Structures are given as structure tokens and as C-alpha cells.
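Everything below concerns the one structure shown next.
The values are calculated or read from the model by the stated rules, or taken from the named source; none is laboratory data. Just so we're clear, the structure is a prediction, and the values are computed from it rather than from any experiment. Neighbour counts run over all protein chains shown; Cβ positions are idealised from the backbone, glycine included.
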Amino acid sequence: MAQAVTWLKRLCGDRERPQTPEGPLNPPRETLFRQEGPGGVTFRIPALLHVPPHTLLAFAEKRSSNRDEDAEFLVLRQGQWDGRRVKWGPIEELAELTLPGHRTMNPCPLYEAASGTVILFCICVERHVTEQHQIVAGRSAARLCCSSSPDRGRSWSPLRDLTDAAIGADLPRWATFAVGPGHGVQLASGRLAVPAYAYYIHGWLCGVPLPCCTRPHSFVFYSDDRGRSWRKGSLLRGVGTGECQVAEIGAEDGGTLLYCSARRPCRCRAGAVSVDRGQSFGLPARCPALCEPPQGCQGSVVSFVPTSRRHCRRDLGLYVNTRPPNEGGWWHPRVLQEGPCGYSDLAVCLDGVFGCLFERGEVHAYEEIAFCLFTLDAVGGTEDGDGSETPCCGEEPVFGVLPPESDGGSSEEGFRDATPAEEERL
């Protein structure tokens, strides 16, 4: 754990950063999902998965408006990458991946390499029940669900409800919960890890849950049998943490750590590391180098996507650390796309190419979900701050994600840090 804490201090501490190329990157983009006019059908919450060797799967929520409670079901576009560009198929509606009386939200796909199976996690929430209503009532309206595809997304198994098996007796203490959103990962050990967060009820009065004592905590669901069964890891303690993603990184002793990047509305991300592959995490640390707007926002752990203006969603940018945990490896954020931008997800492709699926628009961030490709060289990661060359992409440079605050996203309510007494009840 000492190694994990040292790594976080290096990652998040104040320091002078090396210079990166000036000006926005603005790689060519392609719109994959477009809003049907202001206030009309809207596509939100992108998730991107690379299925080796040449398939990309782009998921999103289809909503009747941009509000969370107006979500309906998930949609998918399949892409084939030829080494230079991606050819995308038509929009597919995954309307069969629903539970009766529920809306499907928060796509979180991952790839199980041994069997070649794509596993798609999501939550199914009772229709028209908002997250805030669940927090106030102290009763979760969400169900943990997944589907799998043996053929790279062309067909999907019936939706499985994993709620009782994976959460069990803890469910009454969760006001609500969700996965991701974004992508999950398979670790070098073969373990599958799905990022998640829960609003834990720390206080009760006469048997009634107290919303003022309900706090969000990040964690992971994990599987060691290729996705047949799932367990939940321990909730992150300390600071309130919400939407998150995880990535496996190398440790100084030659082993691996699981790094969690989590949202919190304190103008910066929180990071935590696990030495036991996600079963538990050390105390999360605030990362002032990775700024957020006041309420925070979803982020991806392939690359941090911060906003250059802390109070509005503009200018999607990239932070890159090509040699973690070398503190000289962090580059200044490079603007990937100018203008209003929102949630995003990134995927590592082959040959040093990365894909980004992100919300954007000319007036507001919910007009469309677009896709672009870029390389580490284009971002400016060809050499580190000490002048040394960047390692190849097989050495997995660390990225992180940091989009701006969301309209109708997770509420700022409940982000007060847990007290010591509340921690004891986790």
C-alpha cells in the first residue's frame, strides 16, 4: 500500500509540467448519434469498446429528452477499423435489453479475451424515478443487469438481473447505485472489473433513512470465472466519490495495481489504488492537477478529459502521462475538440491509435455523440518532460478522464465526506 500512496502523491502533487504542442488537436470527427432537435430524442452517455483486432463498439442511451428520467434503452453502432479509418454500421436499438417497467441506462461494456465474449453491463431503473427521488426515499429503484455477445456485438443474450446475487444483503443500505458509465476492464490475471458507485445510507432515524446521511462511494464489481458470477468489492472510504472508471497499471515492484479515477464536486478528481485487484482500495486522494467544474463529471481512465473552463463544458482536452509513475511524464492538456463537450469514453486500439467517443455540439453538449481517432504522437506524447522517448503503447501509458458538470446527471447532494462514525458502518 505504501507504493500505492507514493504513486498517488506523485500523480496528484503540485509540480511544474513539461510543455506540449500549442493549439487544438481537432482530429476529423464523425457524428454517430444526433439529437432530433432541441428537447427531442437525445443520445447521451457514450461508452466505447475495442474488440481485437479491428472492431469498435459505440454504445449510448436513447432518451426522449436529455433528462435522466427520460432514458429508454441502449443503442449501438458497430465499427470496423482498417488501420486508417473506421467504417460504422447503422444505429441498432437494443430495445430487447430491458426489464418490464424499467429504463436501461449507463452502458458499461468489457471484453473477455479467453472466450472472445463481449459483456455489456447496465442498470435498469424504474421508469420516471429520478436518482434524487431514490436518495430522498432511501429505496433503490435500480437493478444490476448484463448481457453478453459471443460474436463481437452482432447478437446479444437475454438480459440477466444480477442484483440479488452480486449485491445481496447490502441492497437495503443502498439508496441507489449505477455502473460506470464508460468501459470495464479485464486484468492481467483474467479478473473482470466493472466500475460502479453506490449511495450508501449511513444514518437512520426511527427506521427511516436520512438523506443527509447518504453518501456516494465508488467500488467495482468483479468476476474470476469469465463473467459467470459476480461479486462486489469494498466501497471506497473517505471522500465522497461517484461515477468512476478503473485501469490496471504497473507497480514499482513489477506487479500491478488497479487505479480508480472518481468524480467528486470539489473542482478536482479523486484517485485511489487497489493492491488486491479491486476487492478493496486505499483512501482516495484529491488530484488538484486534474481539475473539474464545481459539481464534477464522469471521466474515463484511458485519458483524463478536463475542461479548460471550470464552470462550463467547452474544449475537450487530454492529459497524458506516458511513463507512470514518473512525475515528469504529465503533459499539459491538449484540446481534442473545441466547443461545448460533455461525457466521453476512450479506447486503446492497435499501433498507437486511440478512439474517443464524446458528447458535443455547437450550442450545447447534447446535440450529438461524435467519434474521432488520434495518436499519442499527435497529442504531443513523443517524448517526456526529461527529453526521453515515449515507451511504446504496449507499455500502457496512463490516461484519465475528466469531463465537465452535467445537466440532469448525478446530483451534488450527498457529496459531503463521510464522518468517522459513518465510515465504521461501511
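What are the residues in segment 251-286 that are at positive phi and free of Cβ contacts under 8 Å to residues at least 60 places away in the same chain, if any? Outline the logic, then answer.
So in segment 251-286, the residues at positive phi come out as 254, 267, 277-278.
Once the filter is applied, which keeps residues that are at positive phi and free of Cβ contacts under 8 Å to residues at least 60 places away in the same chain, segment 251-286 yields Gly254, Arg267.
Is it the case, given these coordinates, that Pro53 is touching a helix residue (DSSP H, G or I) at 6+ places or on another chain (Cβ under 8 Å), of a type outside the set (D, E, K, R) and either modelled with pLDDT under 95 or in a helix (DSSP H, G or I) (or both)? Talk me through it step by step, then tell me what you get.
On the way: touching a helix residue (DSSP H, G or I) at 6+ places or on another chain (Cβ under 8 Å): no; of a type outside the set (D, E, K, R): yes; either modelled with pLDDT under 95 or in a helix (DSSP H, G or I) (or both): yes.
When the stated conditions are applied, Pro53 does not pass them.
Residue by residue through segment 93-116, note down the ones that are over 25 Å from Phe33 (Cα atoms) and either of a type in the set (D, E, K, R) or assigned to a strand (DSSP E or B) (or both).
Residue satisfying the conditions is Glu112 alone.
Based on this model, can you work out whether Leu171 counts as in contact with a strand residue (DSSP E or B) (Cβ under 8 Å, 6 or more places away or on another chain) and among the aliphatic types (A, V, I, L, M)?
no
With the structure loaded, tell me whether Arg143 is free of Cβ contacts under 8 Å to residues at least 24 places away in the same chain and crowded, with 19+ Cβ neighbours inside 10 Å or whether it fails that test.
Numbers: free of Cβ contacts under 8 Å to residues at least 24 places away in the same chain: no; crowded, with 19+ Cβ neighbours inside 10 Å: yes.
No, not satisfied.
For segment 152-172, which residues satisfy the criterion of being over 23 Å from Leu94 (Cβ atoms) and surrounded by 12 or more Cβ atoms within 10 Å (Cβ to Cβ)?
Answer for segment 152-172, where residues must be over 23 Å from Leu94 (Cβ atoms) and surrounded by 12 or more Cβ atoms within 10 Å (Cβ to Cβ): Ile167, Asp170, Leu171, Pro172.
Would you confirm, using the coordinates I've provided, whether Arg139 is assigned to a loop (DSSP other than H, G, I, E, B), charged (D, E, K, R) and modelled with pLDDT of 95 or more?
yes
Would segment 23-33 turn up any residue that is among the hydrophobic types (A, V, I, L, M, F, W, C) and at pLDDT 95 or above?
yes
Which number in (1) touching a residue at least 60 places away in the same chain (Cβ under 8 Å); (2) surrounded by fewer than 24 Cβ atoms within 10 Å (Cβ to Cβ); (3) closer than 26 Å to Leu192 by Cα marks the one condition that Asn106 misses?
The failed condition is (2).
So which residues in segment 55-65 are without any contact (Cβ under 8 Å) to a residue 40 or more places away in the chain and over 18 Å from Ala142 (Cα atoms), if there are any at all? Outline the logic, then answer.
So in segment 55-65, the residues without any contact (Cβ under 8 Å) to a residue 40 or more places away in the chain come out as 62-65.
Listed by number, the residues that qualify are Ser64, Ser65.
Can you give me the number of residues within segment 224-250 that are assigned to a loop (DSSP other than H, G, I, E, B), within 21 Å of Gly116 (Cα to Cα) and touching a residue at least 12 places away in the same chain (Cβ under 8 Å)?
The number of residues fulfilling the criteria is 5.
Select from segment 260-281 the residues that are modelled with pLDDT of 90 or more and out of contact with any Leu (no Cβ under 8 Å at 6 or more places or on another chain) and write down the one among them that is farthest from Lys232 (Cα to Cα).
My answer is Asp276.
Tally time: how many residues in segment 361-376 are over 20 Å from Ser65 (Cβ atoms) and modelled with pLDDT under 90?
Residues flagged as over 20 Å from Ser65 (Cβ atoms) and modelled with pLDDT under 90 within segment 361-376 amount to 3.
Tell me yes or no: at least one residue of segment 180-188 is touching a residue at least 40 places away in the same chain (Cβ under 8 Å), surrounded by fewer than 14 Cβ atoms within 10 Å (Cβ to Cβ) and not in a strand (DSSP E or B).
Among the residues of segment 180-188, at least one is touching a residue at least 40 places away in the same chain (Cβ under 8 Å), surrounded by fewer than 14 Cβ atoms within 10 Å (Cβ to Cβ) and not in a strand (DSSP E or B), which makes the answer yes.
I'm trying to understand the selection: among the residues of segment 38-66, which are in contact with an Asp or Glu (Cβ under 8 Å, 6 or more places away or on another chain) and under 13 Å from Ala365 (Cα atoms)?
Within segment 38-66, Thr42, Phe43, Arg44, Ile45, Pro46, Asn66 qualify.
From the list Asp164, Asp68, Asp82, pick out the single residue that is of a type in the set (D, E, K, R) and touching a residue at least 40 places away in the same chain (Cβ under 8 Å).
Exactly one of Asp164, Asp68, Asp82 is of a type in the set (D, E, K, R) and touching a residue at least 40 places away in the same chain (Cβ under 8 Å), namely Asp68.
Find the strands (runs of 3 or more DSSP E) located wholly in segment 313-360 whose residues include 2 or more that are modelled with pLDDT under 85, and list them.
314-318, 334-348
Please state which one of Arg152, Arg191, Arg173 is closer than 28 Å to His133 by Cβ, at pLDDT 95 or above and basic (Lys, Arg).
Numbers: Arg152 fails: closer than 28 Å to His133 by Cβ; Arg191 fails: closer than 28 Å to His133 by Cβ.
Within the list Arg152, Arg191, Arg173, the selection yields Arg173.
Kindly provide the set of residues from segment 202-221 that are surrounded by fewer than 22 Cβ atoms within 10 Å (Cβ to Cβ) and in a strand (DSSP E or B), ordered by number.
Residues satisfying the conditions are Trp204, Leu205, Val208, Pro209.
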